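The values are calculated or read from the model by the stated rules, or taken from the named source; none is laboratory data. Note that the coordinates shown come from a computational prediction; the quantities given were computed from them, not determined experimentally. Here the Cβ positions follow ideal geometry from the backbone for every residue, glycine too, while neighbour counts run over all protein chains shown. In case anyone asks, the SASA skips ligands and DNA or RNA and just uses the protein heavy atoms, side chains included. Shrake-Rupley method; radii C 1.70, N 1.55, O 1.52, S 1.80 Å.
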Amino acid sequence: MNIYISGLSYSINDADLNELFTEYGEVSSAKIINDRETGRSRGFGFVEMPNDADGQKAIDELNGAEYDNKVISVSEARPRTERSSFGGGGGGNRNRGSNNGFRRNNGGSGFGRNNGGGGFGRY
């Protein structure tokens, strides 16, 4: 069973996480996720336990518990989804040009008045 742990203190390392979950059964891996640029913990990690019953017991007993002066959240990890190789998020309609989707009508200064002017609401 793959287990997701969040709310961890930034000082927790892989060995600490392994030790915490070993109390509930065999741990095949324990990994704190670190920031790629700084190398600092991102405050969450994953633990793999081969026995699902042991994993569920750890989830039940540790979710909402205080560990290293922080309340942690523990749940079964969701399967990883495929991500594009472009990195970052965002997106949306990229055919808008560089004006963030707003159209400019340089014909005047009215705001929605029917006087031939530009403004909001007139496209």
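So G25 fits all but one of (1) at positive phi; (2) within 27 Å of the chain's Cα centre (by Cα); (3) of a type outside the set (V, I, T); (4) at pLDDT 95 or above; what number is the exception?
Of the numbered conditions (1) at positive phi; (2) within 27 Å of the chain's Cα centre (by Cα); (3) of a type outside the set (V, I, T); (4) at pLDDT 95 or above, the odd one out for G25 is (2).
Report, by residue number, each residue of the range 28-52 that is free of Cβ contacts under 8 Å to residues at least 24 places away in the same chain and either more than 17 Å from Y4 (Cβ to Cβ) or assigned to a loop (DSSP other than H, G, I, E, B) (or both).
Our first condition is that a residue be free of Cβ contacts under 8 Å to residues at least 24 places away in the same chain; within the range 28-52, this holds for 28-31, 33-39, 42.
S28, D35, R36, E37, T38, G39 - these are the residues of the range 28-52 that are free of Cβ contacts under 8 Å to residues at least 24 places away in the same chain and either more than 17 Å from Y4 (Cβ to Cβ) or assigned to a loop (DSSP other than H, G, I, E, B) (or both).
Do you know which residues across the range 5-27 are outside any loop (DSSP other than H, G, I, E, B) and more than 11 Å from G43 (Cα to Cα)?
Start the filter on the range 5-27 by keeping residues that are outside any loop (DSSP other than H, G, I, E, B), which leaves 5-6, 14-22.
Scanning the range 5-27 gives D14, A15, D16, L17, N18, E19, L20, F21, T22.
Give the residue that is nearest to V74 (Cα to Cα), with candidates limited to residues of the range 24-51 that are touching a Pro at 6+ places or on another chain (Cβ under 9 Å) and either of a type in the set (V, I, T) or surrounded by fewer than 14 Cβ atoms within 10 Å (Cβ to Cβ) (or both). If you could, list the steps in order and put the result at the bottom.
So the first thing to find is which residues in the range 24-51 are touching a Pro at 6+ places or on another chain (Cβ under 9 Å), and the list is 25-28.
Next cut, either of a type in the set (V, I, T) or surrounded by fewer than 14 Cβ atoms within 10 Å (Cβ to Cβ) (or both) only: 26-28.
On the way: E26: 17, V27: 15, S28: 17 Å.
Filtering the range 24-51 for residues that are touching a Pro at 6+ places or on another chain (Cβ under 9 Å) and either of a type in the set (V, I, T) or surrounded by fewer than 14 Cβ atoms within 10 Å (Cβ to Cβ) (or both), the one nearest to V74 (Cα to Cα) comes out as V27.
Counting only residues that are crowded, with 20+ Cβ neighbours inside 10 Å and either in contact with a Gly (Cβ under 7 Å, 6 or more places away or on another chain) or among the polar types (S, T, N, Q) (or both), how many does the range 1-23 have?
So the count comes out to 4.
When the residues of the range 53-86 are narrowed to those that are β-branched (V, I, T) and assigned to a strand (DSSP E or B), which ends up most open to solvent (accessible area, probe 1.4 Å)? Quick ask: steps written out before the conclusion?
As a first pass, look at the range 53-86 and keep what is β-branched (V, I, T): 59, 71-72, 74, 81.
From what's left, assigned to a strand (DSSP E or B): 71, 74.
Values: V71: 98, V74: 5 Å².
Among those residues, the one meeting the criterion is V71.
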